[in-house]
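Below: one structure, written as structure tokens.
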Amino acid sequence: AAVAGNVDPMAAGVAEVLNVVEPGSDSRDILAMASSRNYGLNLDNGETLLPQPSSLVGNGAGSVFKIFTAAAAIEQGMGLDTELDVPARYEASGLGTGGAENCPPNTYCVENAGTYQPRMTLRETLAFSPNTTFIQLIEQVGVPAVVDMSVKLGLRSYAQPGTHDGERSIAEYMKAANLGSYTLGPTPVNPLELSNVGATVASGGRWCEPDPIASVTDRNGQEVYLERPDCENVVDKGVADALAVGMADDLTIGTGAQAASASGWSGQAAAKTGTTESHQSSAFLGFNSGFAAAPYIYNDGTTTSPLCTSPVRQCADGNLFGGQEAARSWFQTANLSPAALNGTLPALDGRYELGTTHAVLDEVVGLSEADARRVLESDGYRVEVRTVEGTQPRGRVERAVPDGLLRPGGTVTLEISAGPPARQAPAPSAPAPTGRATRPAPALPEVTQEDIDEVASQIREALGI
């Protein structure tokens, strides 16, 4: 009802699909699969025979793919509270070509769709979704690491030969071309696999193949053995939990907040909205310990065009976003599911707040500049220095600040204490009372108008006036 209620089954050239998957450490049951299309042969009646919910379809999940870049960064040591630059425009070399207007040759250019603060934490970027920051981030962690992360977490069809051009897989092509645009989700996606990405993260980084079959019995009532692929631990639990916690703000202050509030959602969930270039598709990934789903709206006809909202339809100038109908479908479904309403998010391991590589930064606090430089340079970091007021003695390291992702070869700025700020002399205190009565000050003499006139007359006489 949620899917067909948000995208009309009779809508020309556009459909919505949704899969609900149950997280788990040893199984991955498919709880629901739906399409806004009716099942049948009559295309004019909005019918289809295609397995839309479980096929590579559409123009991509858009910014939902930023979670793969964030996961790779967390795995490499970045923390949720690491601050990142948010330029209005970013031009990258070696990450493909084209993008935003007026892009120089052999350069990939990207701009933000909105206006943001000049710096944000990784947690904030997951909520507000600035494009430029994630292009910078995929440049730092590497396109191959991000592509591999997406496959590990659940987009397994991306590794299948032929999914890109009949010969190469999508993953192979993206890594070989080193395309930074991958973090913006420009490729067709299998909606069932995308839902399972959420289930993998919700299961502490453990992947299982989605399974629509509970059991099979023969005519005698005996259960038939089904061979099922083994589940795999694909990322550390701490990394998966940090990603889930980092995605939670999307529903309170981020791009999914309006839909969450309008639906009356009161549960816990991690989420990410997604919209592709030119609004040709949109998605919403949301999950917790009991429920994972990813509504996906896309062009399903013979013509691909931008999509508009209210109602969802093909149009000339798109304005459909993942925080609209796709998000509404998720909340309308989740609000009817006890598993979703009672689901929880994990506790965050404190190491992932500042990042797992942050220990080396704590190690140099309090050292002299020379000793701190020696420690960091021996670990492969470049060192810069600036002087700050601080609590450490003069000449000692107050704090060490990484420039984005802390990796060997990266830059660490040592903030050297100039000593505590000078203490101001206390204001003089009022004299203590003596207990003796004080004599009141003498009253001023009263001056009358006659006194004033007399003085004025004397002055005139003295001046001969």
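What follows draws every value from the coordinates through simple rules; no lab data is involved. Predicted model, so just to flag it, every value in this text is computed and none were measured. Here Cβ is always computed from backbone atoms with ideal geometry, including for glycine, and neighbour counts include all displayed protein chains.
Amide H of Val14 versus every other amide H placed in the peptide plane: which residues, excluding those fewer than 5 positions away on the same chain, fall under 5 Å?
For Val14, the qualifying residues are Asp300.
Roughly how many Å is it from the Cα centre of segment 105-132 to that of segment 62-96, as a whole number?
Between the Cα centres of segment 105-132 and segment 62-96 lies a distance of 9 Å.
In terms of modelled amide H atoms, which long-range or inter-chain residues lie less than 5 Å from the amide H of Gly419?
Sorted by chain and number, the residues that satisfy this are Gly390, Arg394, Gly395.
How much net charge surrounds Gly5 when only other residues with a Cβ under 11 Å from its Cβ are counted (Lys, Arg +1; Asp, Glu -1)? Show your work: numbers first, answer last.
Details: positive: Arg328; negative: Asp8, Glu16, Glu325.
Counting the neighbours of Gly5, the net charge comes to -2.
Search the structure for amide H atoms under 5 Å from the amide H of Thr413, placed 1.01 Å from N in the peptide plane, and list their residues when 5 or more places away or on another chain.
Answer set, sorted by chain and number: Glu384, Val401, Asp403.
Given points 7 Å out from each Cα along the Cα-Cβ axis, report the Ser263 to Glu353 separation in nanometres with one decimal.
Spacing of the two 7 Å Cα→Cβ label points: 3.0 nm.
Less than 13 Å Cβ to Cβ from Gly256, Lys/Arg counted +1 and Asp/Glu -1: what total charge do the surrounding residues give?
So the environment of Gly256 carries a net charge of -1.
I need the phi-derived Karplus couplings for segment 298-306: 6.51 cos²θ - 1.76 cosθ + 1.60, θ = phi - 60°, integer Hz, Gly and Pro marked x.
7, 6, 10, x, 8, 10, 9, 8, x
Along Cα→Cβ, 7 Å out, is where each label goes; now give me the distance between the ones at Thr387 and Ser278 in nm to one decimal.
Taking the simple label geometry, Thr387 and Ser278 are separated by 5.7 nm.
Can you list the GluC sites (Glu not before Pro) in segment 357-421 that are in a DSSP coil and have 16 or fewer other beta carbons within 10 angstrom?
Glu389
Distances longer than 18 Å among the Cα atoms of segment 8-132: what percent of all pairs is that?
Of the Cα pairs, 70 percent sit more than 18 Å apart.
What number results when the radius of gyration of the chain, computed over Cα atoms, is divided by 2.2 N^0.38 Å?
1.42
Give me Rg/Rg_expected for segment 265-352, where Rg uses Cα atoms only and Rg_expected = 2.2 N^0.38 Å with N residues.
After normalising by residue count via 2.2 N^0.38 Å, the value is 1.27.
Using each residue's phi in segment 331-342, evaluate 6.51 cos²θ - 1.76 cosθ + 1.60 at θ = phi - 60° and report the 3J(HN,Hα) Karplus result to the nearest Hz, with x for Gly and Pro.
Using θ = phi - 60°, the values come out as 5, 5, 6, 5, 5, 9, 10, x, 4, 6, 5, 9 Hz.
Separation between the Ile213 and Cys315 pseudo-spin-labels, each 7 Å from Cα along Cα→Cβ, expressed in nm?
If labels sit at Ile213 and Cys315, their model points lie 4.5 nm apart.
Between Ala176 and Arg374, what length in nm is gained on full extension when 0.36 nm per residue of separation is reduced by their alpha carbon distance?
Gain on extension, Ala176 to Arg374, equals 67.5 nm.
Rounded to the nearest 5, what % of the DSSP beta bridges within segment 356-417 are antiparallel ones?
45 percent
Quick one: 3J(HN,Hα) in Hz for segment 309-315, Karplus 6.51/-1.76/1.60 with θ = phi - 60°, rounded, Gly and Pro as x.
Taking θ as phi minus 60°, the curve returns 9, 6, x, 5, 6, 6, 7 Hz for segment 309-315.
Below 8 Å between Cα atoms, with a sequence gap of 6+, how large is the relative contact order for the chain in percent?
Working: 1045 pairs, mean separation 83.7, N = 465.
Rounded, it is 18 percent for the chain.
May I ask you to derive the FRET efficiency for Asn335 and Arg89 from their Cβ-Cβ distance with R0 = 41 Å, giving the value to the nearest 0.05?
Details: r = 40 Å, r/R0 = 0.96.
For R0 = 41 Å, the calculated efficiency reads 0.55.
In segment 71-153, which GluC sites (Glu not before Pro) are in a loop and have at most 16 other Cβ atoms within 10 Å, using DSSP for the loop call?
Sites meeting the loop and neighbour criteria: Glu101.
So for segment 356-417, averaging the separation of alpha carbon pairs under 8 Å that are six or more residues apart and normalising by length, what relative contact order in percent results?
It rounds to 38 percent for segment 356-417.
Give me log10 I(q)/I(0) at q = 0.19, 0.21, 0.23 Å⁻¹ for segment 356-417, Debye formula, one equal scatterer per alpha-carbon, no solvent.
So the normalised log intensities work out to -0.58, -0.70, -0.84.
What does the helix-only formula give at 222 nm for the chain: each DSSP H stretch with n ≥ 4 adding -39500 (n - 2.57), the total divided by the residues, and the result rounded to the nearest 500 deg cm²/dmol?
After summing the helix terms and dividing by the residues of the chain, the value is -8000 deg cm²/dmol.
Gap in Å between the Cα centre of segment 143-170 and the Cα centre of segment 277-328?
22 Å
Average the reciprocal distances over every distinct pair of alpha-carbons in segment 39-198, invert the result, and give the Kirkwood radius in Å.
Across segment 39-198, the inverse of the average 1/r is 16.7 Å.
Provide the net charge surrounding Phe68, with neighbours chosen by a C-beta distance below 15 Å and charges set as Lys +1, Arg +1, Asp -1, Glu -1.
The answer is +1.
Quick check: Cα centre of segment 352-387 to Cα centre of segment 197-224, how many Å?
47 Å
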